[in-house]
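Asker: Once you've had a glance at the structure underneath, I'll fire off some questions.
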Amino acid sequence: MDAKSESPLTNSQIVINGSFYSVTDNNGRFAFYVNKNDTVIFSRLGYKQVVLYVSDTLSGKEFITGIYMN
């Protein structure tokens, strides 16, 4: 999401552990699987990239987060 307007950001790139994974859909949504200690990078032209480090203490099978880009 755009941090100021809170509008969805479509076609934002998602990179997991240095490899291209996917892009956000037309509603700015995404879903993927990660493992403990993975690094996920969200980027879009005109915005600062956001890095998400998956904790080694993460438990459970589902994790929901919001990504706000400036």
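The values are calculated or read from the model by the stated rules, or taken from the named source; none is laboratory data. Please read these numbers as outputs of a predicted model, since none were measured by experiment. With ideal geometry, Cβ positions are generated from the backbone for all residues, glycine too; neighbour counts draw on all protein chains shown. Each accessible area value is taken on the protein alone, full model and side chains, heavy atoms only, with ligands, DNA and RNA left out. Shrake-Rupley method; radii C 1.70, N 1.55, O 1.52, S 1.80 Å.
Asker: Kindly give the semi-axes, whole Å and largest first, of the ellipsoid equivalent to the chain, taking each as the square root of 5 times a Cα gyration tensor eigenvalue.
Answerer: 21, 13, 11
Asker: So which residue, out of Val40, Val54, Val15, gets the largest mean-square fluctuation from a GNM of the chain using Cα contacts under 10 Å as springs?
Answerer: Val54
Asker: Roughly how many debye, to the nearest 20, is the charge dipole of the chain about its Cα centre, given +1 on each Lys and Arg Cβ, -1 on each Asp and Glu Cβ, and no other charges?
Answerer: Using only the charged Cβ atoms, the result is roughly 100 debye.
Asker: Once neighbouring chains are kept in place and the probe is 1.4 Å, which whole percent of the accessible area of the chain is contributed by carbon and sulfur? If you can, show how the numbers build up before the last one.
Answerer: Numbers: 2580 of 5360 Å².
Whole-percent figure for carbon plus sulfur exposure: 48.
Asker: Can you tally the net charge around Gly46? Count Lys and Arg as +1, Asp and Glu as -1, for every other residue whose Cβ sits under 14 Å from the Cβ of Gly46.
Answerer: With Lys, Arg at +1 and Asp, Glu at -1, the net is +2.
Asker: Can I ask one more? Please give every one of the lysines within straight-line cross-link reach of Lys4, meaning a C-alpha to C-alpha distance under 23 Å, and leave out same-chain neighbours fewer than 8 residues apart.
Answerer: Here the lysines satisfying the reach criterion relative to Lys4 are Lys48.
Asker: Suppose each label sits 7 Å from its Cα in the direction of the beta carbon; what would the Tyr53-Asn35 distance come out to in nanometres?
Answerer: Here the modelled spin labels are 1.9 nm apart.
Asker: Straight-line reach only, C-alpha to C-alpha below 25 angstrom: list the lysines that Lys61 could link to, leaving out same-chain residues fewer than 8 apart.
Answerer: Hits, sequence-local ones excluded: Lys36.
Asker: At 1.4 Å probe size, with every protein chain present, just tell me what the per residue accessible area of the chain comes to in Å². Walk me through the numbers on the way to the answer.
Answerer: Numbers: 5360 Å² over 70 residues.
Accessible surface, normalised per residue, equals 77 Å².
Asker: Compute a Gaussian network model of the chain, connecting alpha carbons closer than 10 Å, and tell me which residue from Asp25, Asp38, Asp56 fluctuates the most.
Answerer: Asp56
Asker: Using a Gaussian network model on the chain with a 10 Å cutoff between Cα atoms, which of Ser43, Ser19, Ser59 fluctuates the most?
Answerer: So, out of Ser43, Ser19, Ser59, the one fluctuating most is Ser59.
Asker: So what is the relative contact order for the chain, in percent, with contacts set as C-alpha pairs under 8 Å and at least six apart?
Answerer: Once normalised by length, the contact order is 31 percent.
Asker: Between Asn27 and Lys61, what length in nm is gained on full extension when 0.36 nm per residue of separation is reduced by their alpha carbon distance? Walk me through the numbers on the way to the answer.
Answerer: Values: separation 34, 0.36 × 34 = 12.24 nm, distance 2.36 nm.
Result: 9.9 nm gained on full extension.
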